[in-house]
Amino acid sequence: MTIEADLFTYLTASTAVTAATGDKIRPLGAHENDALPYVVYERLSTDNPIHLLAGTTRANTRLVYDCYATTYSSAQSMSDAIYNRLHGTRGAVGSTAFDSIFVENKFDDAIPPAEGSDQWTYVTSLTLNTWHAVTVPSS
């Protein structure tokens, strides 16, 4: 499994997360018919440090989770549930062995209503910084 799939499974196994988000935690973008609220996640980067002799067995992956809702408090509740589930996690999550998962940043935004609507969309985003085991390719 990928790190994203392992984190998805870990998040959706939490009743607190699914109570806040329903079953709508999506990679890269929401489905066309998804009604709010929902969460969209994506990988920002993966750094595989190397040294003079070979690659290392650790990687640093950053991800962002964007929580979209019709109210600011709902967006906050979703991000709080994800924060509480992931921040400070260590050890095996699915097939990924994490040294650490930390929320390094949390920020808010609002998307103005579409023409003919008065409904704002509120977004709270969490940036995760993870260190985890990787397999070094053999030469």
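Coordinate-derived values only; no laboratory data. Just so you know, these numbers come straight off a predicted model, no measurement behind them. Positions of Cβ are backbone-derived with ideal geometry, glycine not excepted, and every protein chain shown enters the neighbour counts.
Brief remarks on what is shown
- For the chain, the mean residue ellipticity at 222 nm estimated from helices alone is -7000 deg cm²/dmol, where every DSSP H run of n ≥ 4 contributes -39500 (n - 2.57) and the total is divided by all residues, rounded to the nearest 500.
- Among residues other than residue 81 with Cβ under 15 Å from its Cβ, the summed charge is 0 (Lys and Arg +1, Asp and Glu -1).
- At full extension, residue 102 and residue 57 could sit 14.3 nm farther apart than now, given 0.36 nm per residue minus the alpha carbon distance.
- Rounded to 10°, Cα long-axis angle of helix 72-86 versus longest principal axis of the chain: 20 degrees
- Seen from all directions on average, the stretch 28-87 presents a Cα convex hull projection of 5.5 nm².
- Other-chain or far-sequence residues with amide H under 5 Å of residue 26's (modelled H): 39, 40, 41
- Note on the chain: with a GNM built from Cα contacts shorter than 10 Å, the maximum mean-square fluctuation among 51, 31, 87 falls on 51.
- Placing a label point 7 Å from the Cα of residue 34 along the Cα-to-Cβ direction, no residue of the stretch 1-18 has a backbone N closer than 11 Å.
- Candidates 88, 116, 22: whichever shows maximal mean-square fluctuation once the chain is modelled as a Gaussian network with Cα springs under 10 Å: 116
- Model label points for residue 89 and residue 5, set 7 angstrom from Cα along the Cα-to-Cβ axis, are 1.6 nm apart.
- When DSSP beta bridges are restricted to pairs lying wholly in the chain, around 90% turn out antiparallel.
- Gaussian network model of the chain, Cα within-10 Å springs - most flexible of 34, 118, 66: 118
- Other residues whose C-beta falls under 11 angstrom from the C-beta of residue 28 contribute a net charge of -1, scoring Lys and Arg +1 and Asp and Glu -1.
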